[in-house]
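S.K.: Mind having a look at this structure? Questions to follow.
The values are calculated or read from the model by the stated rules, or taken from the named source; none is laboratory data. What you are looking at is a predicted structure, and each value in this text was computed from that prediction instead of being measured. A quick note on method: Cβ atoms are made from the backbone with ideal geometry, for glycine too, and the neighbour counts reach across all protein chains shown. Side chains are part of the model used for accessible areas, which takes the heavy atoms of the whole protein and leaves out ligands, DNA and RNA. Shrake-Rupley method; radii C 1.70, N 1.55, O 1.52, S 1.80 Å.
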Amino acid sequence: MYDMPPTSPWFFTPSGAEVTGFQAAGDEALRWWRRLRQAYPETGLWPLLMESDTPEYLADTYTYATVAESLADARALDGAALLAEDGERKLAGCSPEYAAELHADLAGRGQWPAQPEQPGFGLPYGWDGRPEEVTVALVPVSAPWLIPVTLHYGGWNKYPSPGEHAAIIRHWNDRYGAEPVAWTGTTIEYAVARPPATRAAAIALAWEYHLYNDGEYDLYRAETLTDLAAGLLDAPVWRMWWD
């Protein structure tokens, strides 16, 4: 398949799936992701760029539900509703001043930045922007939004539980064509086929982004929800992280 480099066994997930992979760096790794993504309907193997220590993180499996229970949750839950409920709790629990600021941003009354930050993929590059060797992992999964259940990882701090995470990814895949490209123990990066094309739609996404990961504004050098929305407008790449 595409003269793919030889793969090696890498680790088994809690669901019993064997993940294999090969090494690549920089643009080459991204090219392999695109080729293997194209082949996914035939292979059933979803490509993910991972760091060398990712399996160590993923070994800390989610223990509050079995894989079967998480799968049932993933199929039953509504990702958009989960985020909306989280948003209601956040607005109800924050200070009146901060709630007023968020309401103003959500209503489109925030100051739109002239030059918003719009980062590309972090992996497979280092902090200095140079190509970095990563593993192009091949994950057996029936749909990419079920990757959190296959890996059965999460539920710490603000990182979603596997079932909830899968439902959120399904929501974003349906609405924006978002697909996971890079996955480490603390970060996820998405390729986005249909990013928001209006300011109002970008603000709505920014609110969901803000609720989804506790990295919040950091990767977009944003100070407000409106700053973040400007970075997500027409953005073909989304980057998230958890602390």
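S.K.: Considering the range 169-243, what Rg and Dmax in Å follow from its alpha-carbon atoms?
M.R.: Both quantities, over Cα of the range 169-243: 11.2, 32 Å.
S.K.: At what distance in nm do the modelled label points of ASP234 and ARG31 sit from each other, each positioned 7 Å from its Cα along Cα→Cβ?
M.R.: Using points 7 Å along Cα→Cβ, the separation is 2.8 nm.
S.K.: How large is the helix-only mean residue ellipticity at 222 nm for the chain, computed as the sum of -39500 (n - 2.57) over DSSP H runs with n ≥ 4, divided by its residue count, in deg cm²/dmol to the nearest 500?
M.R.: -12500 deg cm²/dmol
S.K.: Among 72-79, 199-206, how do they line up from the highest to the lowest mean number of other beta-carbon atoms within 10 Å?
M.R.: Ranked from most to least packed, the peptides come out as 199-206, 72-79.
S.K.: Here's something else I'd like to know. Apply 1/(1 + (r/R0)^6) to the Cβ-Cβ distance of ALA92 and LYS158, taking R0 = 22 Å, and write down the FRET efficiency to the nearest 0.05.
M.R.: 0.80
S.K.: Length gain on complete extension for the stretch SER142 to THR61, per 0.36 nm per residue less the alpha carbon to alpha carbon distance?
M.R.: 27.1 nm
S.K.: For the range 1-35, list residues with backbone N below 17 Å from a point placed 7 Å from the Cα of GLU69 toward its Cβ?
M.R.: Zone members listed by number: 14-15.
S.K.: Now for a separate question. ³J(HN,Hα) across the range 173-188 via Karplus (A = 6.51, B = -1.76, C = 1.60, θ = phi - 60°), whole Hz, x for Gly/Pro?
M.R.: Those phi angles translate into 5, 5, 7, 10, x, 7, 9, x, 10, 10, 9, 10, x, 10, 9, 9 Hz.
S.K.: How much of the accessible area of the range 103-165, probe 1.4 Å, is carbon plus sulfur, in whole percent?
M.R.: 46 percent
S.K.: Highest mean first, how do 222-228, 150-156, 96-102, 188-194 rank when packing is the count of other Cβ atoms within 10 Å averaged over residues?
M.R.: Packing order, densest peptide first, comes out as 150-156, 222-228, 188-194, 96-102.
S.K.: State in Å² the accessible area per residue of the chain; use a 1.4 Å probe, count heavy atoms of protein chains only, and round to the nearest integer.
M.R.: Accessible area per residue: 47 Å².
S.K.: Of the accessible area of the range 188-243, with the probe set at 1.4 angstrom, what percent is carbon plus sulfur?
M.R.: So the carbon and sulfur contribution to the accessible surface is 49 percent.
S.K.: Give the long-range amide H neighbours of PHE11: residues separated by 5 or more places, or on another chain, with amide H under 5 Å away, using H modelled in the peptide plane at 1.01 Å from N.
M.R.: Placed amide hydrogens put VAL19 under 5 Å from PHE11.
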